Every structure is written in structure tokens, then in C-alpha cells.
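Worksheet for the structure shown next.
The values are calculated or read from the model by the stated rules, or taken from the named source; none is laboratory data. From a predicted model like this one, the values you see are computed outputs, not experimental measurements. Cβ: placed from backbone, ideal geometry, glycine included. Neighbour counts: every protein chain shown.
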Amino acid sequence: MDQFSRKDILPICVVAENRLACAYLLGILRKDAGLQPIVLEDLIAAGRTPPKLVAVVDRSGLRIPLCECLSRFRRSFPNARILVLDQDHVNEKEEVVRMLLLGAHGFLEHERSAELLAKALRFVAAGHYWVAPGVLELYLREVSDVLRNAHKRPETFTPRENQVLELVRSRLTNREIAGLLKIRISTVKFHLSNVLSKLNLTSRQDLVVPMRWDIWSKLLP
């Protein structure tokens, strides 16, 4: 029987670059007979997507920005639900809201994984959001604001912003970009600030293409 064909089994894709963290998460998931854990590499090698898939992403071990991780995963597995594991952000609702805006469907603190991971994954798989009280309300307000602003003014990049964006993604410094485009460094900073604002990002690191991480190159860009 195909490993994904049983309807009573929920496939869980573990995305954890730290081997110890990956082994720990797999150990937790294997204790539950109703869950079928599989690491990202094996899921890609399988060549097919389970009809119902939930991913657990260990953010603390990622060597690429979370936005890039979620973007690539969602493009490759558009119907998957995603739970993010990270340090305690219970008192940082805005950060959890940002995760939801990036495409996650829930957040769980590392220290509560052994206790709540299986429950949280099933909750997310059922179409719900696993977040602290008040976060979902804030998220819905943010989405409403984004949609309202989108109707008022579509966020598109100017030709110069596109040039700056591509060069930043290639890891060029502001000085190097200014030299290539024959503009001032202050002008580069101005365009970069506009790009980050339009993408709802806070750091140029969220734009940088990782130098080496083979598994992500196998997912859709």
C-alpha cells in the first residue's frame, strides 16, 4: 500500500535543517499512530503530494529567511497547511501575525512541542489556525488593511526598484549596486526601502538568495 494512501493517517512533513531538532520532532510524531512523519527530502524524492499534508517548520534552524521558506514550500505544495515552531513569541503578537501573513497557519513554542505538537497539527489540518488568543483578530485586521490598500494602490515595482531588488538578492552591497547602476548610495537605500515596504519586510536579509542549501533549490522558486 502507498505510504500516503491511508485515509486515517495524516502525513506530516518535517522541515528542520538542524539534525538534532529534526530527530527530536520525528521522535514525537512517531509516537502517534495516526501521524505519518516524513522529512522534506523524502517528500520531494517521493515525487507526489499527499492529498492532505501538514508541514511543521522549525524556524530556529533555518538558514534561509522564513518568508523564502514558506514561499517555496507553498508554491511546491499549494494545498499544504503549515505550523511554525519557534522560540516563545506569546507576548509578540505582531511577529506571529507576520508568520500568518507569510503563509503559515499556526505557531507553537518549542518548549511545548512534546505536549502539544500532535494536537496542534491536527487542529491546523482541520482548517483552523493554531495561535494565541487575540492573534487571529489582529491578523484579520491586517489582512483587511492589506486588501483595502491593494484596491486603492496596486503595489508594483518601478524598473529601478526591480534592478535594485535583483542585485540585493545576488548579495551585492549598496556601494556595489550604486557603482553598477551609476547612482548614489543614498538613492540605492531609497529604492531598497520602497521595495521592503511593498513586500512588507523589515530587512534586506529577507531578500537575499542563500548561497548553498540544496534542498530548497528543488522546490519551486
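Quick look at the values:
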| quantity | calculated |
| --- | --- |
| Cβ-Cβ under 9 Å pairs, at least 6 apart or on other chains, region 169-182 side in the same structural domain as Leu199 (by TED's automatic domain parsing) and modelled with pLDDT of 85 or more, far side exposed (fewer than 13 other Cβ atoms within 10 Å of the Cβ) and not in a helix (DSSP H, G or I) | Ala178/Arg184 |
| Test result for Glu142, surrounded by 13 or more Cβ atoms within 10 Å (Cβ to Cβ), of a type outside the set (A, V, I, L, M), at pLDDT below 85 and over 15 Å from Asp206 (Cα atoms) | yes |
| Scan of region 100-137 for residues that are free of Cβ contacts under 8 Å to residues at least 60 places away in the same chain, touching a helix residue (DSSP H, G or I) at 6+ places or on another chain (Cβ under 6 Å) and part of a helix (DSSP H, G or I), ordered by number | Leu100, Leu102, Val135 |
| Residues of region 154-184 satisfying the condition of being among the small types (Gly, Ala, Ser) and in a helix (DSSP H, G or I) | Ala178, Gly179 |
| Among residues of region 168-188, those that are under 30 Å from Leu100 (Cβ atoms) and surrounded by 14 or more Cβ atoms within 10 Å (Cβ to Cβ), counted | 1 |
| Subset of region 35-73 that is touching a residue at least 60 places away in the same chain (Cβ under 8 Å) and in a loop (DSSP other than H, G, I, E, B) - its residue that is surrounded by the fewest Cβ atoms within 10 Å (Cβ to Cβ) | Arg63 |
| Residue list for region 162-182, restricted to those being of a type in the set (Gly, Ala, Ser) and within 26 Å of the chain's Cα centre (by Cα) | Ser170 |
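Conditions tested, residue by residue: (1) modelled with pLDDT of 85 or more; (2) at positive phi; (3) in the same structural domain as Leu207 (by TED's automatic domain parsing).
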{"residue": "Phe77", "(1), (2), (3)": "yes, no, no"}
{"residue": "Glu92", "(1), (2), (3)": "no, no, no"}
{"residue": "His105", "(1), (2), (3)": "yes, no, no"}
{"residue": "Glu109", "(1), (2), (3)": "yes, no, no"}
{"residue": "Arg112", "(1), (2), (3)": "yes, no, no"}
{"residue": "Ala118", "(1), (2), (3)": "yes, no, no"}
{"residue": "Gly127", "(1), (2), (3)": "yes, yes, no"}
{"residue": "Val146", "(1), (2), (3)": "no, no, no"}
{"residue": "Pro159", "(1), (2), (3)": "yes, no, yes"}
